[in-house]
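Report on the structure given below.
The values are calculated or read from the model by the stated rules, or taken from the named source; none is laboratory data. Since the model is a prediction, treat every value here as computed from it, not as a measurement. Don't worry about glycine lacking a Cβ; one is built from the backbone with ideal geometry, like all the others, and counts go over all protein chains shown. Calculation scope for accessible area: heavy atoms of the full protein, side chains included, ligands and nucleic acids excluded. Shrake-Rupley method; radii C 1.70, N 1.55, O 1.52, S 1.80 Å.
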Amino acid sequence: MRDGAKKSTSAGAGGSSRGSSSAKKSTSSSANPPGNQTPNTPDIDESEIARLKVDELRSRLRARGVTGTSDMHKPDLVKALVKSLRDDSGSGSGSRSGSSGGGVRTGSQTSKSIKYSQEVTSVDDEPERPGRSLVTTDHEVIRQWAEARKGVPCTVDGTEHDGHAGVLRFDFPSNGREERLRELSWEEWFRAFDERRLNFIYQEERSDGRQSNFFRLESPDREDG
């Protein structure tokens, strides 16, 4: 009986060992899914980041608090952005709010317009209905919206201070050029947009379905925006 008990125990232990080994293999294979993804951070797609333009890479890095990007070439910018995203993912502190990731920026002066607008976080998001008020901080959403209307990023002449761009605007040449507006690069425009923690409130269409040029920039930190 004692020998039989020993054999049973031994067989059970062997089965458990094999099951454990199988589980380890399964875990190991699922830990590294196929594809061009950064190890241990499957949400970070390096191929997608590499398709971004240089000025957008710099803008996104600045929005994440990374400095010294002005002299960096594209491969280094891509590596820096991937590293920043990986660090955030590893620390669990990767928040979109206040960055160029589309998340709405909030503060003590957040307006009702922000609260009642539909949040848009990517170019794939669609308005719930024509005439819907939308809000975003995503650079590509803003750029595509403006370019679809031939909009040019500008600042109001005379509002600059300490070498920084002043009041931000878009100029729509089809409506006639505004004399006080001075053209900016997208990089300059987005740098000021992110530094001031602005939200972009806008419409895609009017309630009758016609294209809308309505937009407003609001700061959640200042009453006057």
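Evaluating 6.51 cos²θ - 1.76 cosθ + 1.60 at θ = phi - 60° for every residue in the stretch 108-114, the Karplus couplings come out as 5, 10, 4, 8, 5, 4, 5 Hz, glycine and proline recorded as x. Could you sort out which of LYS53/LYS115; LYS115/LYS150; LYS53/LYS83 sit more than 22 Å apart by Cα distance in this structure? Result: LYS53/LYS115; LYS115/LYS150 exceed 22 Å. Dipole magnitude for the stretch 97-171: computed about the Cα centre from +1 point charges on Lys and Arg Cβ and -1 point charges on Asp and Glu Cβ, it is near 340 debye.
Please list, by residue number, everything in the stretch 194-225 whose backbone N is under 18 Å from a paramagnetic label point 7 Å out along Cα→Cβ of SER174. Backbone N within reach: 202-216.
Amide H to amide H, which residues 5 or more places from LEU181 or on other chains are under 5 Å from it, using H placed in the peptide plane? Distant-sequence amide H within range of LEU181: ASP157. Placing TYR202, TYR116 in order of accessible area, with the largest value first and a 1.4 Å probe, yields TYR116, TYR202. Counting only aspartates and glutamates at least 8 places from LYS112 when in the same chain, those with an alpha carbon closer than 19 Å to its own are GLU128, GLU218, ASP221, GLU223, ASP224. What the phi angles of the stretch 188-200 give under the Karplus curve with 6.51, -1.76 and 1.60, with θ = phi - 60°, is a coupling list of 5, 4, 5, 4, 5, 4, 6, 4, 8, 6, 7, 10, 9 Hz, glycine and proline written as x. Between GLU195 and GLN109, the contour length at 0.36 nm per residue exceeds the Cα-Cα span by 29.3 nm. With the simple spin-label model, which puts each label point 7 Å out from Cα in the Cβ direction, the SER207 to LYS79 separation comes to 5.5 nm. Here each label is just a point 7 Å from Cα along the line to Cβ, and for PHE214 and VAL123 those points are 2.5 nm apart.
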